[in-house]
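Participant: Right, I'll just put the structure down here and ask away after.
Every read-out reported here was derived from the displayed coordinates using simple, explicitly stated rules and does not represent laboratory data. Note that the structure is predicted; figures quoted are calculated from it, not measured. Using ideal geometry, Cβ is built from the backbone for each residue, glycine included, and neighbour counts are taken over all protein chains shown.
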Amino acid sequence: MSPTFNPAEKEAALRQESESWDTTSPVPARDGDIPTVDVGPYFGSGSASDLAEAAEVLRHASETVGFYQLIGHGVSSEDIEEIFTQTRRFHALPIELKSRVLMDRDDWPLRGCGYLPIGERKLPRREKGNLNEAFIVKSDRGVGPDENQWLPDHELPGFRASVENFGQLVTNLALRLIPIYAVALDLPANFFAPGFTHPFSRLRMSHYPPATQVSDTSVAGGDGAYGIAPHVDTTFLTLLLQDGPGLTIYSHQRDCWISAPVLDDAFVVNSGELLRQWSNDRFLSTRHFANNTEPTDRYSVPFFFNATSDYPMECLPTCHGPDNPPKYPTISYNQSQAMVQGE
């Protein structure tokens, strides 16, 4: 019998599971807890040997940890600082101005883009609001910059152009990583190309104020308040920039929560539920959360990257066999996560 998939049941199961996790005692990461993948040699040479070497490290990270630090990626320090500058500029605006581009407002046709204020209970959906605010730009087949929400340029000069530029840079980076994932899964380097002709993505520019500065009692204080609640990503992969500590991940190897270190100009990369299912559970989708325990503001810029939203993801040929049948049906993003996220 072919496996079935109910997105609402999957969402409910993930949420119920996340609420059972004990996150009270994270410990510092040790050397090697989060591997480092250096793609610089492969990006520079394009050689099969450099590709195989990067894929071997990525395979180990994805099968045992679910996270890694990405270096040699080619995104400059200047471009990284620029996106943080623009993130700080946006979140320094008055709430009245930011609310003009509020996410999922009735008079804007595209859902899932715009401003998400402090205390929202979505992305991920939880009972208690998250202690962060975000500006989100979405891309999909037929969805480009013009379909997203932007403040007029005179309100925030140069913001849109800068964000669009970074969005293209990080999209190009993600596409350059896809052949490494293919080889790591024992597939031809170009295997995933048909699935990423029009990638679905979200660029999220997040601000975590010090918890002591949040006055909303529905999100601040007490048990269960997080910068962003414990969850697993629903992505193929996520690329994250952060300007300070706050990310905490679950270590399968150590069976405990560990505080991820911050490595200058490195992306923290993790696989999500779509890649876990596509690989028949071979690659991990690791639980994580974020908090800001410092007295200063924290900013992060995650980029959530997926295959084309209507592309059918059939169990990878190297990830199933007579003794390991497919656990999930062939399914697209639109048939899974999009249904429960209100796309």
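Participant: Could you tell me the largest-minus-smallest coordinate of the C-alpha atoms of the chain on each of the three principal axes, in descending order and whole angstroms?
Facilitator: 57, 42, 41
Participant: Have a look at ALA92, PRO109, ASN130 and report the one farthest towards the positive end of the charge dipole of the stretch 77-189, computed about the Cα centre with Cβ charges (Lys/Arg +1, Asp/Glu -1).
Facilitator: Selected residue: ASN130.
Participant: Could you state the angle between the C-alpha long axis of helix 7-18 and the longest principal axis of the C-alpha atoms of the chain, as a value from 0 to 90 degrees rounded to the nearest 10?
Facilitator: With both axes taken from Cα atoms, the answer is about 80 degrees.
Participant: Right, next: Sorting ASP33, ASP281 on the 10 Å Cβ count, fewest up front, what's the list?
Facilitator: Working: ASP33 18, ASP281 13.
So the residues, fewest neighbours to most, are ASP281, ASP33.
Participant: Please report, to one decimal in angstroms, the Kirkwood hydrodynamic radius of the stretch 256-343 built from all distinct Cα-Cα pairs.
Facilitator: Working: mean 1/r = 0.0635 Å⁻¹.
Result for the stretch 256-343, one decimal place: 15.8 Å.
Participant: May I ask which residue of SER279, LEU263, ASN306 lies farthest towards the positive end of the charge dipole of the stretch 239-306, with charges of +1 (Lys, Arg) and -1 (Asp, Glu) on Cβ and the Cα centre as origin?
Facilitator: Sorting the options by dipole projection puts first SER279.
Participant: Note down the net charge around PRO94, summing +1 for each Lys or Arg and -1 for each Asp or Glu among other residues with Cβ under 15 Å from its Cβ.
Facilitator: On the way: positive: ARG88, ARG89, LYS98, ARG100; negative: GLU96, GLU133, GLU155.
Value of the local net charge: +1.
Participant: At q = 0.17, 0.27, 0.31 Å⁻¹, work out log10 I(q)/I(0) for the stretch 139-190 with the Debye formula, treating every Cα as an identical point scatterer and leaving solvent out; two decimals please.
Facilitator: -0.66, -1.02, -1.12
Participant: Quick one: angle between helix 48-64 and the longest Cα principal axis of the chain, in degrees between 0 and 90, rounded to 10, please.
Facilitator: Long axis of 48-64 versus the principal axis of the chain: about 70 degrees.
Participant: Then there is this: Give the residue from PRO152, GLN69, PRO230 lying farthest towards the positive end of the charge dipole for the chain; charges sit on Cβ (+1 for Lys and Arg, -1 for Asp and Glu) and the dipole is referred to the Cα centre.
Facilitator: Comparing the listed Cα positions along the dipole, PRO230 ranks first.
Participant: Let me ask something else. Relative contact order for the chain: what is it in percent, counting Cα pairs under 8 Å that are at least 6 residues apart? Please list the in-between numbers first.
Facilitator: Values: 646 pairs, mean separation 80.3, N = 343.
Result for the chain is 23 percent.
Participant: Given labels modelled 7 Å from the Cα in the Cβ direction, how far is it in nm from GLU96 to GLU78?
Facilitator: For GLU96 paired with GLU78, the spin-label model returns 3.8 nm.
Participant: Applying the Karplus parametrisation 6.51 cos²θ - 1.76 cosθ + 1.60 with θ = phi - 60° to the phi angles of the stretch 200-207, what ³J(HN,Hα) value in whole Hz is obtained for each residue in order, glycine and proline being reported as x?
Facilitator: 8, 8, 10, 9, 10, 9, 10, 10
Participant: Separate question: For the residues LYS138, LYS327, LYS98, what sequence is obtained by ranking on other C-beta atoms within 10 Å, fewest first? Please list the in-between numbers first.
Facilitator: Details: LYS138 24, LYS327 14, LYS98 20.
Ranked by crowding around the Cβ, least crowded first: LYS327, LYS98, LYS138.
Participant: Moving to a separate point now. Only helical DSSP H runs with n ≥ 4 go in: add -39500 (n - 2.57) per run for the chain, normalise by residue count and round the 222 nm mean residue ellipticity to 500 deg cm²/dmol.
Facilitator: -8000 deg cm²/dmol
Participant: Determine the sum of side-chain charges near TYR42: Lys and Arg each +1, Asp and Glu each -1, restricted to other residues whose C-beta is under 13 angstrom from that of TYR42. Present the calculation step by step, with values, prior to reporting the outcome.
Facilitator: Values: positive: ARG176; negative: ASP38, ASP50, GLU53, GLU56.
Spelling it out: positives minus negatives among the neighbours equals -3.
Participant: What full-extension length gain, to one decimal in nm, is calculated for THR24 and ALA52 as 0.36 nm per residue of separation minus the Cα-Cα distance? Walk me through the intermediate numbers first.
Facilitator: Details: separation 28, 0.36 × 28 = 10.08 nm, distance 3.91 nm.
Computed gain between THR24 and ALA52 is 6.2 nm.
Participant: What is the gain in length, in nm to one decimal, between THR85 and THR36 on full extension, counting 0.36 nm per residue of separation less the C-alpha to C-alpha distance?
Facilitator: Details: separation 49, 0.36 × 49 = 17.64 nm, distance 2.61 nm.
In short, 15.0 nm is gained.
Participant: Below 13 Å, Cα to Cα, which aspartates and glutamates can LYS138 reach? Residues fewer than 8 away in the same chain don't count.
Facilitator: Hits, sequence-local ones excluded: ASP104, ASP146, GLU147, GLU164, GLU343.
Participant: Could I ask something else about it? For the Cα atoms of the chain, what angle does the longest principal axis make with the long axis of helix 77-91, in degrees from 0 to 90, nearest 10?
Facilitator: Between helix and principal axis, roughly 40 degrees.
Participant: Among residues other than LEU274 whose Cβ falls under 12 Å from its Cβ, what is the net charge (Lys/Arg +1, Asp/Glu -1)?
Facilitator: Once positives and negatives cancel, what remains is 0.
Participant: Arrange SER279, SER77, SER162 by Cβ neighbour counts within 10 Å, fewest through most, would you? Before the final figure, lay out each step's value.
Facilitator: On the way: SER279 24, SER77 9, SER162 17.
Final ranking by Cβ density, sparse to dense: SER77, SER162, SER279.
Participant: Note the full-extension length gain between ALA13 and GLN168 as 0.36 nm times their separation in residues minus their Cα-Cα distance, in nm to one decimal. Can you show the working numbers first?
Facilitator: Values: separation 155, 0.36 × 155 = 55.80 nm, distance 3.43 nm.
Full extension from ALA13 to GLN168 adds 52.4 nm.
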